[in-house]
Amino acid sequence: METSERRNQIQNKRFSLEQVVEEFEDFFTTDNDSKLYKLILGALERPLIENVLKKTRGNQLKAARILGINRNTLHSKIKKLGIEVSRWKKY
């Protein structure tokens, strides 16, 4: 796939994500104690990490590179979120 096509796909998905964020924001604007930032990050972080680990067959170094984070940071997040990496590893 060409870079420009890939960029367009990402921009389209970004727009969809912005709509979801707006829906969350509208839902929680009445509650001053809501922690919208943490709530949205929490909802997105686990599936994002799991999806990348699945695509890399559990290879944490590759996953960290794709995510643009340090391998130790990824390992820490995996542990914190209780993600079982072995389910994607091929033996």
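Worth pointing out:
- Number of residues in segment 52-70 that are surrounded by 14 or more Cβ atoms within 10 Å (Cβ to Cβ) and among the basic types (Lys, Arg) equals 2.
- Ile83 satisfies every condition listed in (1) at pLDDT 95 or above; (2) surrounded by 13 or more Cβ atoms within 10 Å (Cβ to Cβ); (3) assigned to a helix (DSSP H, G or I) except (3).
The values are calculated or read from the model by the stated rules, or taken from the named source; none is laboratory data. Since we're looking at a predicted model, the values are computed, not measured. Please note: Cβ atoms are built from the backbone with ideal geometry, for glycine as well, and neighbour counts cover all protein chains shown.
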